[in-house]
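Each remark here refers to the structure printed beneath this line.
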Amino acid sequence: MGRSFRFVILGGGVSAGYAALEFVRLGIPAGDLCIITDEAVAPYERPALSKGFLLPEGAVRLPAFHTCVGVGAERLTARWYKEHGIELLLNTQVVSVDLKRQTLLTSAKETIAYLTLIVATGARVLRLEEFGVTGADARNIFYLRNLHDATKLVEAMQSCSGGKAVVIGGGYIGMECAAALVSNGVHVTMVFPESHCIARLFTPQIATFYEDYYTRRGVVFVKGTVMSTFESDIDGKVAAVVLKDGTRLPADLVVVGVGIRPNTTLLEGQLTMEKGGIKVNGKMRTSNSTVYAVGDVAAFPLKMYGDVRRLEHVDHARKSAAHAVESIMHPERAKDYDYLPYFYSRVFSLSWQFFGDNSGECLLFGDLKSEKFGAYWVDRGRLVGAFLEGGSKSEYAALAVVARKRPMVEDVQLLAGQGIKFALALCEATSSDSLVSTMAATDDERGAMAAVASDLLQHSGFKVGAGIVVAVAVSWVAYWYGRKKWRK
Ligand SMILES: Cc1cc2nc3c(=O)[nH]c(=O)nc-3n(C[C@H](O)[C@H](O)[C@H](O)COP(=O)(O)OP(=O)(O)OC[C@H]3O[C@@H](n4cnc5c(N)ncnc54)[C@H](O)[C@@H]3O)c2cc1C
């Protein structure tokens, strides 16, 4: 029998780093926590691998992007774990988990016992071999999930300047890798089966903006088709990618980003699964009361929408990890996880963020030519999702508020006309919410303020439907109250 810990985190990625920070914040004693990871380094901000890490100049390298710098918190180097008495087992794969005995078996043949286990195993890339493609193990084919992959990709890009790359997959990993390749002087062709890039989120119009931008930087798009085989040279390296229709794309290197699968294998048959992941409740607890699951691997109740989702995004990894730790340490005060979906991407000098859900009708706003535009999704009369390219900090914050509030929208055209102003007004109103709830001493006073607000609205012409009416009314009332207080 090996060591035993009060808490064990299986996996050492984004969630593990944020969970560790939360454990320390909540005051766990030294020696209580162990993190086991098959990676060679302490947890880091994985999104950096397809962005700053791939830059031709001024690229970021560890230790600069260890968690939790992604939210401006402490940078947890291996030393930090040591100083806080956290056992960080690097280069150690967990090969089996016995939930009945509450033990894990590592590749070093050590059995580690736990009282509470947090599963934070993330996901693995889908490989072309899994689609029956032969020759997909050639050494100039690259995937991107971890530091090791990213390091290999950097070496390949640097030795391939002026050469040709084929990127297979049009999701955000494919798009970010394509941008990095171009920045490193490599000619890129992107191949994907969908009719436009980032098809899970973008509408054709939004996608066209990004595809045009890439095209101006020399990227060639081959859409609506898939690769069929690789042509290899005498060294066994891929020399060309052959598409279904026989088109041959010469390639010095190939980057594949065709999706991921959550790492659930060790827990299958032991925990309830859903949506391809480990089912958890609002406390991130699995079907076994001593086991929690967080990040990419967890299928959790998305309270806002009343359904179960599995999200593969860093913000959820960070927040679900902190939430699980709070639930473990303070079960009496922990509420149910109430998550607002949020994700982002940065390519070239572009940068977008999305909040909420992309269901229903999509309304574009702003000016695509000026590279500052956005979109709202309205589903059954409610604004449910918001997207913005080129926004400022406060504009993105306003989008989050709007997506969380899900206001009713009566006139979608007016909403599109208001664009980001709608979100900003609602955001301002929301920040005044608490003030408003405390400011009206009596019903009469409340009524008087409402009358003022309604009068203002009737004469302002600033009307787009119930949502904005409420937003402006609340802002005005807050303003009115502020003046009243000041006069006292
Ligand atoms: C290149 C890249 C760019 C990204 N960019 C963005 C972005 O711009 N925006 C965004 O929202 N999201 C982005 N993501 C997604 C985001 O990084 C993930 O959602 C997040 O990392 C999930 O955190 P996690 O802790 O669940 O899993 P991970 O961070 O993947 O960590 C899982 C860890 O568990 C380890 N592990 C797995 N099985 C075992 C085992 N049996 N034994 C030991 N260790 C094990 C893994 O090696 C890994 O270290 C990106 C992902 C990648 C790969």
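Where a number appears in this text, it was derived from the coordinates with a stated rule and is not lab data. Source: prediction; values computed, not measured. No Cβ is skipped: glycine too gets one built from the backbone with ideal geometry, and neighbour counts run over all protein chains shown.
Numerical summary
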{"item": "Charge context of Ile420, other residues only, Cβ under 12 angstrom, K/R +1, D/E -1", "result": "-1"}
{"item": "Of Leu415, Leu76, Thr225, farthest towards positive along the dipole that unit charges on Lys, Arg, Asp, Glu beta carbons give the chain", "result": "Leu76"}
{"item": "Between the stretch 251-326 and the stretch 186-210, the Cα center-to-center distance that results, in Å", "result": "26 Å"}
{"item": "Cross-link reach list, aspartates and glutamates versus Lys100, counting only Cα pairs under 14 Å and skipping chain neighbours closer than eight places", "result": "Glu268"}
{"item": "Hydrodynamic radius of the chain per Kirkwood, over alpha carbon pairs, in Å", "result": "24.8 Å"}
{"item": "Dipole axis of the chain (+1 Lys, Arg; -1 Asp, Glu on Cβ), positive-most option in Met190, Phe300, Leu33", "result": "Leu33"}
{"item": "Directionally averaged projected area (convex hull, Cα atoms, the stretch 128-258), nm²", "result": "7.6 nm²"}
{"item": "Compactness relative to 2.2 N^0.38 Å, alpha carbon Rg of the stretch 49-144", "result": "1.46"}
{"item": "Calculated over the stretch 1-113: convex hull of Cα atoms, volume per residue (Å³)", "result": "106 Å³"}
{"item": "Of the DSSP H helices in the chain, those whose Cα atoms cover at least 20 Å axially and whose Kyte score averages 0.0 or more", "result": "466-487"}
{"item": "Charge sum, other residues only, whose C-beta stays under 14 Å from Thr290's C-beta, Lys/Arg counted +1 and Asp/Glu -1", "result": "+4"}
{"item": "Helical contribution to [θ] at 222 nm, DSSP H n ≥ 4, -39,500 (n - 2.57), averaged over the chain, rounded to 500", "result": "-9500 deg cm²/dmol"}
{"item": "Neighbourhood charge, 15 Å Cβ-Cβ cut-off, centred on Ile141 and excluding it, Lys, Arg +1 and Asp, Glu -1", "result": "-3"}
{"item": "Cβ crowding within 10 Å averaged over residues, with 119-130, 44-55 ranked highest first", "result": "44-55, 119-130"}
{"item": "Rough spin-label spacing in nm, given labels placed 7 Å along Cα→Cβ, for Thr247 and Leu364", "result": "2.3 nm"}
